[in-house]
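The values are calculated or read from the model by the stated rules, or taken from the named source; none is laboratory data. Since we're looking at a predicted model, the values are computed, not measured. Here the Cβ positions follow ideal geometry from the backbone for every residue, glycine too, while neighbour counts run over all protein chains shown.
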Amino acid sequence: MKLFDTMSRTVRDLAPRDGATYRFYCCGPTVYGPAHIGNFRTFTLQDVFRRTLELSGLATFHVRNLTDVDDKTIRDSRAAGSTLGDFTDHWRDRFHADCDKLNLLRPHLEPSAVAHIPHQIAMIGELMEKGHAYASPDGSVYYRVSSFRDYGRLSRLDQRELREGASGAVADDEYDKDSVSDFALWKARREEDGDNFWDSPWGLGRPGWHLECSAMCREYLGESFDLHSGGVDLVFPHHENEIAQSEACTGHRMADHWFHLTHLLVDGGKMSKSAGNFYTLEQLEKAGFSAAELRHVLVSAHYRQPLNFVAKDAEGKETFPALLGARQALQRLAKFDVALAARTGEPETPGYATLLAGKDGASFAGAFEALENDLNTPDALGRIFTAIKALDVASLSSEEARRERLGFHRVLAALGFALPSVAGEGGREAEAPADIARLAEERRAAKLAKDWPEADRLRNEIAALGWEVKDTKEGYELCPKN
RNA sequence: GGCGAGGUCGCCAAGUGGUAAGGCCGGGCUCUGCAAAAGCCCUAUCGCGGGUUCGAUUCCCGCCCUCGCCUCCA
């Protein structure tokens, strides 16, 4: 597999350092509220990345942290009147629930910052010893950026000029640092932190944000590992600071490869609560859409390309045309699968384990290869539909159909698509309440008697109850109106 | 001001130095008592102006516009 590497700014082949298992770290969420669909673009593409690696025959070891102590978690937990732990547990559970709905594979390990305070303190000690850190009079500890020669390599800091306060964020003058670019490793206890402080050789306080990732990477992935990933906004300063901390400590290159994901835009701009275009999975579900539909939208653009999530239609109404389109596309995939399955005589969907074992791509090999080529998800999607159109399912032998189906499901598994049930295939039809089903039967009888007015009357009655009856070759199907 | 990304059919979005995938929407056809559903088919010369080239949407230069980041936002 090939993937763009932020450090070298080139597309490079991926190979595990140990020759067996690809070990990587993804910066996870700060658990102080529901994750939004932009966060999920990142996590979903990281998931596609992992699935593609695994399906191409490589074992993986995936670590993703939970940030459960920082300004926001502390502030909001106190505002909510709960302990930091209870508060972050709640949002962690919610995050997991959303991830499950989106069909994201659980990381092999999900360490949290609070559970690794000692590791972080130990790391600060090492940095102090090596002259990369200093304590300020108030008991905070800072990393001395000027002590690390390579600082800024990832974000090409040497080629840029930092404009102080350009982001609108005001420098925190409650702490005193030797240089504005120095960053906190340890933050001295403050009044507004409440009970959230830990003891350290430098006094009571809490760790700085960047440090947790360095400490946990080292603990679980070692001094050097294969790949580190996160949203583009983390390139600077977060990842830059992680590199400075880790490499100053160990003297070794932290990660071989840096994988960054471009942000999701909503209706052409950044998502923000004030702009009213801030969406969570829950909101989209309330609007009648599924996580699978969102997932389809999220993978519809290349990860290094901004993806414009269209929520409002041409009239400015919030109708989510992007999700509507995804629904149709997914339905087509599902119908194709039903037809293909019927041809094989094996209705069971091949499981992930089966797909891992086989490499038979058949007509869908090109689509999978698109994923291996810098994770080109939109290209893969295009190739899937092209292959579907080109395949004459009816002419396939059951053996050919079986092979094609494995190839088809292999790409679907890499994309993490769970196909919706197809109307009339026992999925949605089964949900129809008895009285609706009875009316439908009556209509069927009226149709057989060629009593068209009665048949149409019954169809309208069913429609008034929120269901739609559609005739098929065999009979009819019922599905909820939306 | 600096850095980065980008402007491809109504919308979303790939891609290539030789005349532009795919999805949605729309239109047409088939099927159907009608309708829906389903199936099939159809729709672009790639922001603007130069240059290089036999040939550029794809390379170079300039311009316009959009978006993101610039110390704790994925």
Practice item. Pull up the range A:376-406, narrow it to residues that are in contact with a helix residue (DSSP H, G or I) (Cβ under 8 Å, 6 or more places away or on another chain) and in a loop (DSSP other than H, G, I, E, B), then point me to the one that is farthest from RNA strand B (Cβ to nearest atom). Key: A:LEU396
Exercise for review: State which residue is farthest from RNA strand B (Cβ to nearest atom) when the search covers only the range A:435-457 and only residues that are closer than 29 Å to A:GLY288 by Cα and out of contact with any strand residue (DSSP E or B) (no Cβ under 8 Å at 6 or more places or on another chain).
Suggested key: A:ASP435
Point to revise | Single residue of the range A:229-266 satisfying the filter (crowded, with 16+ Cβ neighbours inside 10 Å and charged (D, E, K, R)) that is nearest to RNA strand B (Cβ to nearest atom) | key: A:GLU240
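Filter the range A:397-420 for residues that are without any contact (Cβ under 8 Å) to a residue 60 or more places away in the chain and either over 19 Å from A:ASN373 (Cα atoms) or touching a Gly at 6+ places or on another chain (Cβ under 6 Å) (or both) and give the result.
A:SER397, A:SER398, A:GLU399, A:GLU400, A:ARG402, A:ARG403, A:LEU406, A:GLY407
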Review point. Can A:GLN305 be described as closer than 30 Å to A:ASP5 by Cα, of a type outside the set (A, V, I, L, M), at pLDDT below 95 and surrounded by fewer than 16 Cβ atoms within 10 Å (Cβ to Cβ)?
Key: yes
Study note, to complete from the structure: Screening A:THR386, A:THR377 for residues that are of a type in the set (Val, Ile, Thr), over 12 Å from A:LEU340 (Cβ atoms) and over 21 Å from the mean Cα position of the chain (by Cα) leaves only A:THR386
Check your understanding: Given the structure, is A:LEU294 under 23 Å from A:ARG383 (Cβ atoms) and in contact with a Phe, Trp or Tyr (Cβ under 6 Å, 6 or more places away or on another chain)?
Key -> no
Revision key, fill the gap. Filter the range A:1-48 for residues that are over 13 Å from A:HIS228 (Cα atoms) and part of a strand (DSSP E or B); the one that is modelled with the highest pLDDT is A:THR21
Point to revise | First in the range A:196-207 and under 18 Å from A:GLU126 (Cβ atoms) and in the same structural domain as A:GLY125 (by TED's automatic domain parsing), second anywhere and surrounded by 17 or more Cβ atoms within 10 Å (Cβ to Cβ) and of a type in the set (Asp, Glu), Cβ under 9 Å, 6 or more apart | key: A:GLY205/A:ASP193
Check your understanding: Hey, among the residues in the range A:49-73 that are touching a helix residue (DSSP H, G or I) at 6+ places or on another chain (Cβ under 6 Å) and assigned to a helix (DSSP H, G or I), which one's nearest to RNA strand B (Cβ to nearest atom)?
Key -> A:THR73
Study note, to complete from the structure: The residue from A:GLU293, A:GLU282, A:GLU348, A:GLU315 that alone is surrounded by 18 or more Cβ atoms within 10 Å (Cβ to Cβ) and not assigned by TED's automatic domain parsing to the domain that holds A:ASN103 is A:GLU293
Exercise for review: Being assigned to a helix (DSSP H, G or I) and under 24 Å from the mean Cα position of the chain (by Cα) is the filter; apply it to the range A:344-353 and report the residue that is farthest from A:ARG405 (Cα to Cα).
Suggested key: A:ALA353
